Amino acid sequence: IERNHSVGGAASAFKTGALTIEPALHQTADPHDPSEPKHAILTELGLLDEIEWIPISPFFSVKGGPVGQTFDLPVGFDAAHLALSTRFPKSRDGFARLLGAMEQILSGVERLTRAGETRSFGELLRAGVGLRGLARDWRLSTADVLLRFLGDDEAAKFAIAGNIGYYTDDPRRLAWPFFAMAQGGFLKAGGRFIKGGSRVLTMKLAKVVTKAGGSVLLGRDASVVDFDSSGHPAFVRHVDSRTKADEQRIAAKQVFANCAPHVLARMLPPDKRAEIERAYVGHALSISLFSAHFGLRVPPPKLGLDRYSLAVLPDWMTSLSQTGECSRMFAADPGSRMPSFGIANYGAIDSGLGDGPALVSVVGVDRFDNWAALAPQDEKVRRGRWLDAFEKALDREYPGFSAAVSERMFLNARSMHNFMNTPGGAVYGFAPLPFERGIWAGLPRSSRTPIPSVYLASSFAESGGFTGAMKSGADAARMAMKEKTR
Ligand SMILES: Cc1cc2nc3c(=O)[nH]c(=O)nc-3n(C[C@H](O)[C@H](O)[C@H](O)COP(=O)(O)OP(=O)(O)OC[C@H]3O[C@@H](n4cnc5c(N)ncnc54)[C@H](O)[C@@H]3O)c2cc1C
């Protein structure tokens, strides 16, 4: 049941004029890697080979700020170490230890998964040995670990974590195990873009549902969950999302909430609502993002824009921990300082996004509060000014950029809030904060909720991004099937 008129949430597509906009996917970890969570899911659904996964290389590039000239971070731990230590020799040893720690965590977790599947004691032992470092550093932040290995070499930190805006706006508030797994996964196997855009994946997933006898309802707001006398779900009610009328209901013994738990809470009777609120509401939310989309009449490489994924740092930025300052800039019109931003240049790959103008998206951290108090007209004006500012910034870097723009659009944290229906426009569920308890306590959240037969199947369950959302959906499905057989 989806309230929008297209399926997929953030993983969708829309058009402005002749330009097809990919609103969310820049890259996702390679699902061909058997240890990557999407691998098992897509294989089971028969979709892995139905999708063309376009390789992204280098993993990302970064320029400006303390980095200076463009640095390309290649895929592969050895290649990454060579490139990093050649360009930033002061941190050669630190990089070796940092990359070594990431690699060890990845292989330890892989072994642990294999040991679970094969029930092999030997694998379990080897996993345990590999995971000693992770256990020791479980509660550290990414800033702590970067400081340990790279000291005050901020250029080196940007070189390995210049895409931090995809996770958080503050490395002190980013759990090290989370960063090590996510960034390590990209470093190990590289990222992929789905040819045709994330809409291709979503349409195929919807087809899996309909082929299995299910239905996909669009333009319908899930509004109420009714429970039977034993406290289990009985019905889900839904209404037309525009008129809020035409209520219908579906019998449902198990419910998978892909919306934020804050939205789910409002659908529940008071006692259950209180339980969900106690479990989730008030927890720190992930960042939101802004995105400025430009359609170009000429291939971007002709203007010098040849990298696919590029982080651009302003001169005033000297430290990775200043990323948060960027997210607050949208509380005012553009001034003398620009924020750091990432470029996803779909014109540099075989994106399959259509025959229209080439899409170049500029993305960075934003907050709902920046825009919340503005009247619609004032918001429109400020959005326009920021769009102009980014266009000018790109024109300075790549002369001829402005003249080549035929379509453009600016989305902010409020747009994310409106489209995804998430509090604060959060795009990755809850904030991936450093863990408060030791490794023995496991991950702080899962797809299981305090209410029997009601599951979270979204970025709010475990972690965000395409991989996190799909993994939590699959985990919820497995839990529900187990519950059903019981
Ligand atoms: C600009 C941008 C760039 C990004 N780049 C990347 C990237 O490169 N790689 C990556 O992995 N991730 C990226 N992400 C993040 C990723 O898109 C999201 O984390 C992920 O898609 C969230 O999936 P989800 O299923 O949890 O939620 P959503 O995609 O938000 O889906 C939730 C759905 O629930 C619907 N809904 C809510 N309430 C109701 C209701 N009451 N009734 C019916 N329907 C309801 C919403 O309409 C929405 O469609 C990016 C996001 C953005 C915005």
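Taken together, the residues in the stretch 194-251 that are free of Cβ contacts under 8 Å to residues at least 40 places away in the same chain and basic (Lys, Arg) amount to 6.
No other residue among SER463, SER453, SER472 is of a type outside the set (Val, Ile, Thr), outside the structural domain of ALA175 (by TED's automatic domain parsing) and more than 16 Å from the ligand (Cβ to nearest atom) apart from SER453.
Here TYR308, TYR280 are screened, and the one residue that is over 30 Å from LYS157 (Cα atoms), within 15 Å of the ligand (Cβ to nearest atom) and at pLDDT 95 or above is TYR280.
Please specify each residue of the stretch 217-229 satisfying the condition of being surrounded by 15 or more Cβ atoms within 10 Å (Cβ to Cβ) and away from the ligand (no atom under 11 Å from the Cβ). ASP226, PHE227 - these are the residues of the stretch 217-229 that are surrounded by 15 or more Cβ atoms within 10 Å (Cβ to Cβ) and away from the ligand (no atom under 11 Å from the Cβ). Restricting TRP138, TRP176 to residues that are in contact (Cβ under 8 Å) with a residue 24 or more places away in the chain and surrounded by 22 or more Cβ atoms within 10 Å (Cβ to Cβ) narrows the list to TRP176. Looking only at the stretch 435-447, residues that are away from the ligand (no atom under 15 Å from the Cβ) and touching a helix residue (DSSP H, G or I) at 6+ places or on another chain (Cβ under 6 Å) come to 1 in all.
Every test in (1) without any contact (Cβ under 8 Å) to a residue 12 or more places away in the chain; (2) more than 20 Å from the chain's Cα centre (by Cα) is passed by VAL454 save one, and that test is (1). Among the residues of the stretch 4-29, just one is within 6 Å of the ligand (Cβ to nearest atom), open to solvent by 20 Å² or more (accessible area, probe 1.4 Å) and touching a Gly at 6+ places or on another chain (Cβ under 7 Å), namely GLN27. Looking at SER459, SER415, just one residue is modelled with pLDDT of 95 or more, assigned to a helix (DSSP H, G or I) and open to solvent by less than 50 Å² (accessible area, probe 1.4 Å), and that residue is SER415.
Condition check ((1) of a type in the set (A, V, I, L, M); (2) over 21 Å from the mean Cα position of the chain (by Cα)) across all residues:
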site: HIS5; (1), (2): no, yes
site: GLY8; (1), (2): no, no
site: ALA11; (1), (2): yes, no
site: PHE60; (1), (2): no, no
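Among the conditions (1) assigned by TED's automatic domain parsing to the domain that holds PHE88; (2) hydroxyl-bearing (Ser, Thr, Tyr); (3) open to solvent by less than 20 Å² (accessible area, probe 1.4 Å), TYR166 misses just one, which is (3). Are any of the residues in the stretch 421-433 open to solvent by 30 Å² or more (accessible area, probe 1.4 Å), outside the structural domain of GLY133 (by TED's automatic domain parsing), in contact with a Gly (Cβ under 8 Å, 6 or more places away or on another chain) and within 12 Å of the ligand (Cβ to nearest atom)? Yes, the stretch 421-433 contains a residue that is open to solvent by 30 Å² or more (accessible area, probe 1.4 Å), outside the structural domain of GLY133 (by TED's automatic domain parsing), in contact with a Gly (Cβ under 8 Å, 6 or more places away or on another chain) and within 12 Å of the ligand (Cβ to nearest atom). Here THR467, THR449 are screened, and the one residue that is out of contact with any Cys (no Cβ under 8 Å at 6 or more places or on another chain), open to solvent by less than 20 Å² (accessible area, probe 1.4 Å) and at pLDDT 95 or above is THR449.
Restricting the stretch 475-486 to residues that are away from the ligand (no atom under 13 Å from the Cβ) and touching a residue at least 40 places away in the same chain (Cβ under 8 Å) leaves a set whose member that is nearest to the chain's Cα centre (by Cα) is ALA477. In this structure, is LEU150 in contact with a Gly (Cβ under 7 Å, 6 or more places away or on another chain), touching a residue at least 40 places away in the same chain (Cβ under 8 Å) and of a type in the set (A, V, I, L, M)? Answer is yes for this residue. Of all residues assigned to the stretch 370-381, at least one qualifies as being in contact (Cβ under 8 Å) with a residue 12 or more places away in the chain and either touching a Gly at 6+ places or on another chain (Cβ under 9 Å) or among the hydrophobic types (A, V, I, L, M, F, W, C) (or both).
All conditions but one from (1) in contact (Cβ under 8 Å) with a residue 40 or more places away in the chain; (2) not in a loop (DSSP other than H, G, I, E, B) apply to THR43; the one that does not is (1).
Taken together, the residues in the stretch 156-206 that are assigned to a loop (DSSP other than H, G, I, E, B) and away from the ligand (no atom under 12 Å from the Cβ) amount to 8.
The values are calculated or read from the model by the stated rules, or taken from the named source; none is laboratory data. All values derive from a computational prediction rather than experimental measurement. For neighbour counting, all protein chains shown are included, and Cβ atoms are generated from backbone atoms with ideal geometry for every residue, glycine included. For accessibility, only protein heavy atoms count, side chains too; no ligands or nucleic acids. Shrake-Rupley method; radii C 1.70, N 1.55, O 1.52, S 1.80 Å.
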